[in-house]
Amino acid sequence: MTAVVAVAVVAGLWELYKVLGVNWPISSNDLTMPHATDIVGAFFEPAQRGGDPLAWFLVKSAFFTLREAALGFAMGTTIGLLLATVMMRSRIIERGLLPWINISQTIPLIALAPIVVTWGRTNGWGDTLSVALISTYLTFFPVAVNGLKGLQSPNPADIELMRSYASGWKDTLFKVRLPAARPFLFPAFKLAATLSVVGAIVGEISAGVRGGLGRSILDFATRYSTGPSKVYAAVIAAGLLGLFVFGVVTLAERALVKRPDSIETRAL
Amino acid sequence: MTAVKISDLSMTFGAGTPAQVNALDHVNADIAEGEFISLIGPSGCGKSTMLRLIGDLLEPTSGGVEVFGKPSAQARLDRDYGMVFQQAGLFDWRTVSANVELPLELMGHSKADRSTRSRQMLELVELGDFGKSYPWQLSGGMQQRVAIARALSFSPRLLLMDEPFGALDEMTRENMQTEVLRIHKELGTTIIFVTHSIAEAVFLSNRVIVLSPRPGRIHSIIDVELGRRDAAIRESAEFFKKTTEVREALRGIESGGIESGGIESGGIESGGIETGDPQ
């Protein structure tokens with residue numbers, strides 16, 4: 001409900017800006033800022049002459065991108081969790097690895113993308129995997145950093161308790177550290193989910209992969225002057241895909257983290 | 001039979017640095033099977049360190065600990081002891097019974113066996129109806145009882161307790177002391193109990209080990225044989241006499257020598273006779 005109101009408010013402000021005819025900082029003509037109704041209308045017009053409606057075309061593109069993003073998310077979270085575990089196990093590895101993990105995110109993705117695509121083509125991986133790898137590059141980071149914090153979050157007494165039971169490190173990891181890390185991991189998973197979509201779209205554009213949202217955005221952008229509302233529609237579709245993956249992770253969190261945060265139950 | 005034999009045990013933290021602390025200095029002690037021993041002393045006297053060395057949670061600098069005739073490391077691997085800390089340390093994501101079952105899970109007990117034992121243990125600590133609750137739904141005292149049930153779930157012969165009731169209010173604390181004594185009597189488990197409370201140490205123990213700090217040494221060992229231990233004994237002359245004895249020992253540490261402690265004790269002893277009179 002709040003979300004519907006928020007969208008309506010944004011659309012209203014958008015139209016108000018146009019009505020006022022302000023030209024600074026952005027000019028409000030129909031080319032730079034098409035009417036909200038035109039953008040909505042664009043979803044129901046054919047994407048190409050005689051083709052599917054844009055909405056359906058974008059759903060198919062989004063599904064294509066979602067597969068790459070999902071693969072990137074899966075690989076990224078796996079790598080992130082492995083890195084966090086390795087760093088948790090050894091202070092020396094943590095000190096050696098953590099700076100590189102941080103530096104990794106300062107390299108612009110568009111610089112890296114063509115390299116990965118070229119690797120993929122010369123080694124015959126196929127572009128889907130290349131795009132997923134580019135997405136992985138963004139997703140592993142929050143999981144590794146927050147995961148490490150989460151795995152280190154149990155009290156020393158909890159770890160002593162496990163030692164008193166002569167528990168091996170694997171049991172301590174799966175029965176104490178990982179469950180304790182959930183409040184740290186889920187925010188990282190949410191971030192990683194939206195980043196996986198960003199990574200996939202950037203990857204598609206860099207690799208020139210056809211069929212996904214990245215290509216649609218690029219195609220519509222080159223024909224911007226003839227159909228500006230289509231670009232906006234494609235951007236909205238990308239945003240909705242991000243929202244969708246965010247929602248999936250949030251549902252998983254609700255299922256896996258049962259503990260209510262309410263204070264009153266503690267007062268018993 | 002000897003449950004715990006401490007031989008020439010020393011523990012130095014941060015050796016060679018300016019922050020060097022001699023937590024324990026050549027300590028010797030024998031604890032018999034079935035005994036209830038309290039460790040008491042001012043902050044920094046090494047009582048928690050001693051407990052952790054017995055449990056092989058720390059490596060001693062020199063000397064050693066034998067638990068049931070084997071090195072403490074082996075005793076830990078054999079799961080010969082259970083441990084209870086000041087914070088109950090229950091896991092939020094597990095129900096009360098799943099918390100009690102945790103050590104059994106690690107030891108590979110079958111599911112049926114685990115649930116039977118957790119039910120028995122929760123009944124032992126009088127929380128039979130709370131197995132399906134989550135820890136955050138229980139009061140502090142109840143949580144600590146779950147921690148005791150968890151420590152006893154695999155029937156260890158030795159129970160190490162590190163200020164287990166330190167965070168509880170006075171009334172809950174006295175109830176918990178009675179519970180622990182009942183469990184001690186029922187199961188015959190050897191218990192080593194770290195505390196700050198003189199009354200608690202005297203009420204619970206067969207012997208009270210008084211430690212002095214910097215370096216941590218055994219100042220004195222006080223035998224307490226109170227016989228029946230119930231609420232009434234807390235107000236008896238013999239109870240008062242023993243708490244006074246422990247208090248004197250602790251004062252002796254504070255004023256830097258046993259002699260000065262002896263002088264102070266005059267006043268306290270006469271006080272003891274006064275309160276003892278009406279009984």
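Looking only at segment A:157-182, filter to residues that are more than 10 Å from chain B (Cβ to nearest Cβ) and not hydrophobic (A, V, I, L, M, F, W, C); which one of those is surrounded by the most Cβ atoms within 10 Å (Cβ to Cβ)?
A:ARG177
Does A:GLU204 satisfy being assigned to a helix (DSSP H, G or I), within 14 Å of chain B (Cβ to nearest Cβ) and acidic (Asp, Glu)? It would help to see each step written out before you state the result.
Values: assigned to a helix (DSSP H, G or I): yes; within 14 Å of chain B (Cβ to nearest Cβ): no; acidic (Asp, Glu): yes.
Spelling it out, it is not the case that A:GLU204 is assigned to a helix (DSSP H, G or I), within 14 Å of chain B (Cβ to nearest Cβ) and acidic (Asp, Glu).
Here are B:PHE193, B:PHE91, B:PHE165, B:PHE154: which of them is part of a strand (DSSP E or B) and either under 14 Å from the mean Cα position of the chain (by Cα) or not basic (Lys, Arg) (or both)? It would help to see each step written out before you state the result.
Numbers: B:PHE91 fails: part of a strand (DSSP E or B); B:PHE165 fails: part of a strand (DSSP E or B); B:PHE154 fails: part of a strand (DSSP E or B).
Result: B:PHE193 is the single residue among B:PHE193, B:PHE91, B:PHE165, B:PHE154 that is part of a strand (DSSP E or B) and either under 14 Å from the mean Cα position of the chain (by Cα) or not basic (Lys, Arg) (or both).
For segment B:53-73, check the following and say yes or no: at least one residue is surrounded by fewer than 16 Cβ atoms within 10 Å (Cβ to Cβ), outside any loop (DSSP other than H, G, I, E, B) and touching a residue at least 40 places away in the same chain (Cβ under 8 Å). Talk me through it step by step, then tell me what you get.
Pass one, segment B:53-73, residues surrounded by fewer than 16 Cβ atoms within 10 Å (Cβ to Cβ): B:59, B:62, B:64, B:69-71, B:73.
Still in the list and also outside any loop (DSSP other than H, G, I, E, B): B:62, B:64, B:70-71, B:73.
With touching a residue at least 40 places away in the same chain (Cβ under 8 Å) added as a condition, the list becomes B:62, B:64.
Yes, segment B:53-73 has at least one match.
Which condition number in (1) over 15 Å from the mean Cα position of the chain (by Cα); (2) farther than 18 Å from B:ARG114 by Cβ; (3) in a loop (DSSP other than H, G, I, E, B); (4) within 14 Å of another protein chain (Cβ to nearest Cβ) is the one that B:GLN143 fails?
(3)
If only one of B:LEU102, B:LEU122, B:LEU106 is within 14 Å of chain A (Cβ to nearest Cβ), surrounded by 18 or more Cβ atoms within 10 Å (Cβ to Cβ) and touching a residue at least 12 places away in the same chain (Cβ under 8 Å), which one is it? Give the steps one after another, and end with the answer.
Working: B:LEU122 fails: within 14 Å of chain A (Cβ to nearest Cβ); B:LEU106 fails: touching a residue at least 12 places away in the same chain (Cβ under 8 Å).
One residue alone meets the criteria, B:LEU102.
B:GLY82 versus (1) surrounded by fewer than 24 Cβ atoms within 10 Å (Cβ to Cβ); (2) within 14 Å of chain A (Cβ to nearest Cβ); (3) touching a residue at least 60 places away in the same chain (Cβ under 8 Å): which is the lone unmet condition?
(1)
Restricting attention to segment A:61-105, and to residues there that are surrounded by 14 or more Cβ atoms within 10 Å (Cβ to Cβ) and free of Cβ contacts under 8 Å to residues at least 12 places away in the same chain, which single residue is farthest from A:ARG210 (Cα to Cα)?
Only one residue tops the list, namely A:VAL86.
Hey, any hits in segment B:17-34 for a residue that's buried (at least 24 other Cβ atoms within 10 Å of the Cβ) and in a loop (DSSP other than H, G, I, E, B)?
no
If a residue must be of a type in the set (Phe, Trp, Tyr), outside any loop (DSSP other than H, G, I, E, B) and under 25 Å from the mean Cα position of the chain (by Cα), how many such residues does segment A:1-58 contain?
So the count comes out to 2.
Name, by its number, the condition in (1) more than 30 Å from B:VAL100 (Cα to Cα); (2) in contact with a helix residue (DSSP H, G or I) (Cβ under 6 Å, 6 or more places away or on another chain); (3) surrounded by 17 or more Cβ atoms within 10 Å (Cβ to Cβ); (4) at pLDDT below 95 that does not hold for A:LEU112.
Failed condition: (2).
I'm told B:ASP129 meets every condition in (1) among the acidic types (Asp, Glu); (2) away from chain A (no Cβ under 14 Å); (3) out of contact with any strand residue (DSSP E or B) (no Cβ under 9 Å at 6 or more places or on another chain) except one. Can you identify the failing condition by its number?
Against the list (1) among the acidic types (Asp, Glu); (2) away from chain A (no Cβ under 14 Å); (3) out of contact with any strand residue (DSSP E or B) (no Cβ under 9 Å at 6 or more places or on another chain), B:ASP129 comes up short only on (2).
Does segment A:39-53 contain at least one residue that is closer than 30 Å to A:ILE159 by Cβ and of a type in the set (S, T, N, Q)? Before you say what the answer is, go through the steps one by one.
Let us first name the residues in segment A:39-53 that are closer than 30 Å to A:ILE159 by Cβ, namely none.
So far as segment A:39-53 goes, no, none of its residues is closer than 30 Å to A:ILE159 by Cβ and of a type in the set (S, T, N, Q).
Using the structure shown, decide if A:LYS175 is without any contact (Cβ under 8 Å) to a residue 60 or more places away in the chain and among the charged types (D, E, K, R).
It is true that A:LYS175 is without any contact (Cβ under 8 Å) to a residue 60 or more places away in the chain and among the charged types (D, E, K, R).
It is to be established whether one or more residues within segment B:180-190 are touching a Gly at 6+ places or on another chain (Cβ under 6 Å), hydrophobic (A, V, I, L, M, F, W, C) and more than 14 Å from B:GLY82 (Cβ to Cβ).
No, segment B:180-190 has no match at all.
Tell me which residues, restricted to segment B:161-201, are on the phi > 0 side of the Ramachandran plot and crowded, with 18+ Cβ neighbours inside 10 Å.
Residue satisfying the conditions is B:GLU163 alone.
Within segment A:110-123, does at least one residue satisfy the condition of being closer than 27 Å to A:VAL248 by Cα and aromatic (Phe, Trp, Tyr)?
So far as segment A:110-123 goes, no, none of its residues is closer than 27 Å to A:VAL248 by Cα and aromatic (Phe, Trp, Tyr).
The values are calculated or read from the model by the stated rules, or taken from the named source; none is laboratory data. Predicted, not measured: the structure shown is a model, and the values here were computed from it. Neighbour counts run over all protein chains shown; Cβ positions are idealised from the backbone, glycine included.
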